[in-house]
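Undergrad: I'd like to ask some things about the structure below.
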């Protein structure tokens, strides 16, 4: 199997939604589903500092790294806020575990994990959207708990201060 990064690059290069869905289904595995769920599920929040952590990039060639993201995806549960596996861990232990995952996988896969953590998979992989993911894996996320793309845009838009009155018409 290709790396998860390579699969998502294929999705990004596909020209239709149907092709994107077919690629995701063809490479369906726990690691891919874990990454997609982590990156798109609104109910998942990572209990890690925001941004790119300081880590030593693994420069080994693909296939020559100590491990792969597909095999490490189960460890990501230790980094999810509220997950039973993460509850007993101190922040420093959780963060060290996350760094070990990043340092043990190829650079492209580490960048994928960071994009997932930051909820930016769609920016990293053009055309990879929550709609595509939910069409490929309908049971991956609880649809009732997900925000639509319209709701997200409204939430991210600057809010007008309702307490500030609009200027009144002044006549001379």
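Undergrad: Within the group 57, 65, which residue is under 24 Å from residue 93 (Cα atoms), modelled with pLDDT under 85 and surrounded by 18 or more Cβ atoms within 10 Å (Cβ to Cβ)?
TA: Testing whether each residue is under 24 Å from residue 93 (Cα atoms), modelled with pLDDT under 85 and surrounded by 18 or more Cβ atoms within 10 Å (Cβ to Cβ) leaves just 65.
Undergrad: Just the residues that are modelled with pLDDT of 80 or more, within 21 Å of residue 41 (Cα to Cα) and assigned to a helix (DSSP H, G or I), please, taken from the range 74-94.
TA: Result: 75, 76, 77, 78, 79, 94.
Undergrad: Additional query: Out of the range 21-54, which residues are in contact with a helix residue (DSSP H, G or I) (Cβ under 7 Å, 6 or more places away or on another chain), in a helix (DSSP H, G or I) and closer than 18 Å to residue 139 by Cβ?
TA: Listed by number, the residues that qualify are 21, 24, 25, 30, 31, 32, 34, 35, 36, 38, 39, 40.
Undergrad: Moving on. Could you figure out which of (1) at pLDDT 90 or above; (2) in a loop (DSSP other than H, G, I, E, B) isn't true of residue 116?
TA: (2)
Undergrad: If you go through the range 92-109 one residue at a time, how many are farther than 14 Å from residue 79 by Cβ and in contact with a helix residue (DSSP H, G or I) (Cβ under 6 Å, 6 or more places away or on another chain)?
TA: Number satisfying all stated conditions: 3.
Undergrad: Could you list, in sequence order, the residues of the range 121-147 that are over 24 Å from residue 15 (Cβ atoms) and either buried (at least 18 other Cβ atoms within 10 Å of the Cβ) or at pLDDT 95 or above (or both)?
TA: Within the range 121-147, 141 is the sole residue that qualifies.
The values are calculated or read from the model by the stated rules, or taken from the named source; none is laboratory data. All values reported here derive from a predicted model rather than from experimental measurement. As a convention, Cβ positions derive from the backbone with ideal geometry for all residues, glycine included, and neighbour counts pool all protein chains shown.
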